[in-house]
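Read the figures in this text as sums done on the coordinates, not as results from a lab. No experiment lies behind these values; they were computed from the predicted model shown. Heads up, the Cβs are rebuilt from the backbone with ideal geometry, glycines too, and the neighbour counts pull from every protein chain shown.
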Amino acid sequence: MKKAFVFSICLILSGFARAQLLDSATLANAMIYKSLAHANNVHPDSVLRLSLKWKKIENLGTELSKFRNLQELHLNRMRLKEIPLEVFQLTNLVILDVSKNHLTSIPPEIGNLVNLTHLTLSQNYLIEIPPDFKFLKKLEYLDLWSNSIITFPLEINALKDNLRIVDMRVIYMNDLRKQDLQLLLPHTTFYFSESCNCE
């Protein structure tokens, strides 16, 4: 009996370890954990959605690395100056929100998150995005609202088939800059603020 019980537990854990990506509707109905204390009450491989907004957490990267099956992660309003590198090891992520922080750059490791469909970077202090965005071939929605990004690396053209929406409102740029972006991503809908008489 004891051996059978241990075997059953192993099967359950191995099932968690092999968690499949959920479709958007199923993921939206999955449990969302709103604190580490809440998430730590269950097996870490069963945590698919985690929201830590407004939290101040020491050793955030170490804590997050336990949840290797995460598919949705919200780290907004945490006063982060950089995204913990451990986030870029969570390769099942489909949705990542790091808005309303103090980020000044996105590291090249962002290219590891090949399953991302939604990336929210709004209200930070970003001036550029790295060429490694080219690896985010599943990306459909990119929110850059209220940053200082006015150009994209040429490599982002690799996303032209799937990237449907880019929000670049509250970013000051002239008509020429907008046209350059639209040429890079001709099938993408851009949301811009009014053009400025600026370089």
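Odds and ends about this structure:
- Most mobile of 123, 71, 182 in a GNM of the chain (Cα contacts under 10 Å): 182
- Exposure rule at most 15 other beta-carbon atoms within 10 Å, DSSP loop chymotrypsin sites (Phe, Trp or Tyr not before Pro): the chain longest free segment: 55-124
- Under 13 Å from the Cα of residue 160 - aspartates and glutamates, other chains or at least 8 residues apart: 140
- Computed lengthening from residue 28 to residue 179, 0.36 nm per intervening residue step minus Cα-Cα distance: 50.8 nm
- Virtual paramagnetic centre 7 Å along Cα→Cβ of residue 68, amide N under 19 Å, in the range 20-35: 20-22
- Annotation: average projected area of the range 18-119 is 6.0 square nanometres, based on the convex hull of Cα atoms across all directions.
- Separation of alpha-carbon centers, the range 54-74 and the range 113-186, rounded to whole Å: 25
- Once divided by 2.2 N^0.38 Å, the Cα radius of gyration of the chain becomes 1.15.
- Three-way shape label, the range 159-199, alpha-carbon gyration tensor, a/c 1.5: oblate
- Over 19 Å (Cα to Cα) - which of 55/137; 55/138; 55/100; 53/138 fall in this group: 55/137; 55/138; 53/138
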